[in-house]
Amino acid sequence: MFSERIKILRNEANLTQAQVAAKLQVAGLDVSRGMYAQMEQGTYNIRISVLVALKDIYQLKSYDDFFQGLSL
């Protein structure tokens, strides 16, 4: 699941949910820690603007990195 993948990426970056939410807020996105937690649980849809910011936060080379190891 994509939601599990963003949790893995956050853990690999050694960040807490609160830290990710703070970085998203600095980027001008209105995302609370609770909203981000719901994204990781798969109960809150991720906006494209958040996905773009997460790519930078997690220092990913490509958007394909979000989908690594996922299958249909």
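The values are calculated or read from the model by the stated rules, or taken from the named source; none is laboratory data. From a predicted model like this one, the values you see are computed outputs, not experimental measurements. Just the protein is used for accessible areas: all its heavy atoms, side chains included, with ligands, DNA and RNA removed. Shrake-Rupley method; radii C 1.70, N 1.55, O 1.52, S 1.80 Å.
If the segment from ARG5 to LEU60 were pulled out straight at 0.36 nm per residue, it would be longer than the present Cα-Cα gap by 18.5 nm. Stokes-Einstein diffusion for the chain at 20 °C, viscosity 1.002 mPa s, with a Kirkwood radius from C-alpha pairs, works out to 177 µm²/s.
The residues of the chain expose, per residue, 65 Å² of accessible area to a 1.4 Å probe. Keeping the other protein chains in place, figure out the carbon and sulfur percent of the accessible area of the chain, with a 1.4 Å probe. So the carbon and sulfur contribution to the accessible surface is 51 percent. Taken as entire DSSP H runs, the helices of the chain never both span 18 Å or more between Cα atoms along their own long axis and average 0.0 or more on the Kyte-Doolittle scale.
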